[in-house]
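Colleague: Handing you a structure now.
The values are calculated or read from the model by the stated rules, or taken from the named source; none is laboratory data. Remember, it's a predicted structure, so these values are computed and weren't measured experimentally. Note that we place each Cβ from the backbone using ideal geometry, even for glycine, and neighbour counts take in every protein chain shown.
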Amino acid sequence: MSFLESVSYVDLIGYFGGGITLWGIYQKTMIPLRVGAVFGNLGFIGFGLLAGSYPTLVLHAVLLPLNGYRLYQMMRLVRDIRDSAGQDNSLEPLLPFMQRVREEAGTVLFRKDDAPDRMIVIHSGSIVLEEIDVHCGPGDVLGEIAAFTPDNRRTCTAVCETECELFTLSNDAMVQLFYQNPRFGMFLVRVVVQRLLKNWRDADARAQALLT
């Protein structure tokens with residue numbers, strides 16, 4: 001009897017479960033991997049039920065909802081990232097994670113080369129970045145770049161020009177939210193890109209002024 005003749009439809013279901021599981025493991029991204037795991041679980045559940053292999057049945061009956069839930073989480077994350085890409089830079093949903101503080105005029109919020117400890121959103125008042133003579137006002141964000149720089153240091157000294165009301169977010173909380181909250185991650189990317197574009201425009205304007 002040849003191998004093909006000896007293979008029953010129950011065995012084929014088991015081979016299907018194993019094959020689709022291997023296909024999922026071979027994938028380089030999480031969603032196809034979870035899809036392969038879910039269909040692999042279904043195949044092995046069918047095999048375990050028909051072949052009377054109850055350890056296989058129980059194992060994959062437990063793994064199926066776990067893989068299904070992880071697949072749902074990944075698809076929801078992708079959807080949230082797409083949704084956040086079309087939203088504005090409002091930080092209102094993140095205010096519960098932030099601390100509201102008041103600082104007097106002349107207060108040094110941080111100095112150049114300090115280790116970053118918090119991100120600052122200006123609610124009211126004015127802050128100057130001394131080294132580059134940039135004046136920041138309500139809605140501006142400070143301190144978001146230092147946490148991601150290679151040397152992990154502040155690039156400027158920030159001083160309150162007037163009494164300021166600020167929202168602050170600790171560095172640890174900022175990094176956690178960056179990885180966990182797509183809207184916050186998109187917000188930070190936009191802020192950093194806007195800062196880089198502004199610096200590029202300012203540098204270009206200075207270069208043009210020197211040429212004229």
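Colleague: Do you know which residues across region 22-59 are touching a residue at least 40 places away in the same chain (Cβ under 8 Å) and not hydrophobic (A, V, I, L, M, F, W, C)?
Modeller: Scanning region 22-59 gives a single hit, ARG34.
Colleague: Moving on to the next point. Go through (1) farther than 30 Å from GLN73 by Cα; (2) at pLDDT 80 or above; (3) not basic (Lys, Arg) for THR168 and report which single condition fails.
Modeller: Of (1) farther than 30 Å from GLN73 by Cα; (2) at pLDDT 80 or above; (3) not basic (Lys, Arg), only one is false for THR168: (1).
Colleague: Right, another one. Kindly check whether there is at least one residue in region 156-178 that is over 18 Å from PHE110 (Cβ atoms), without any contact (Cβ under 8 Å) to a residue 24 or more places away in the chain and within 19 Å of the chain's Cα centre (by Cα).
Modeller: Yes, the conditions are met somewhere in region 156-178.
Colleague: I would also like to ask the following. Which residues, taken from region 11-29, are surrounded by 16 or more Cβ atoms within 10 Å (Cβ to Cβ) and either outside the structural domain of TYR69 (by TED's automatic domain parsing) or over 20 Å from LEU66 (Cβ atoms) (or both)?
Modeller: Once the filter is applied, which keeps residues that are surrounded by 16 or more Cβ atoms within 10 Å (Cβ to Cβ) and either outside the structural domain of TYR69 (by TED's automatic domain parsing) or over 20 Å from LEU66 (Cβ atoms) (or both), region 11-29 yields ILE13, GLY14, PHE16.
Colleague: Any residue in region 142-150 that is hydroxyl-bearing (Ser, Thr, Tyr) and within 19 Å of the chain's Cα centre (by Cα)?
Modeller: Checked against the condition, which is being hydroxyl-bearing (Ser, Thr, Tyr) and within 19 Å of the chain's Cα centre (by Cα), region 142-150 yields at least one hit.
Colleague: Search region 30-77 for residues being surrounded by fewer than 16 Cβ atoms within 10 Å (Cβ to Cβ) and aromatic (Phe, Trp, Tyr), and hand back the single one that is farthest from the chain's Cα centre (by Cα).
Modeller: Selected residue: TYR54.
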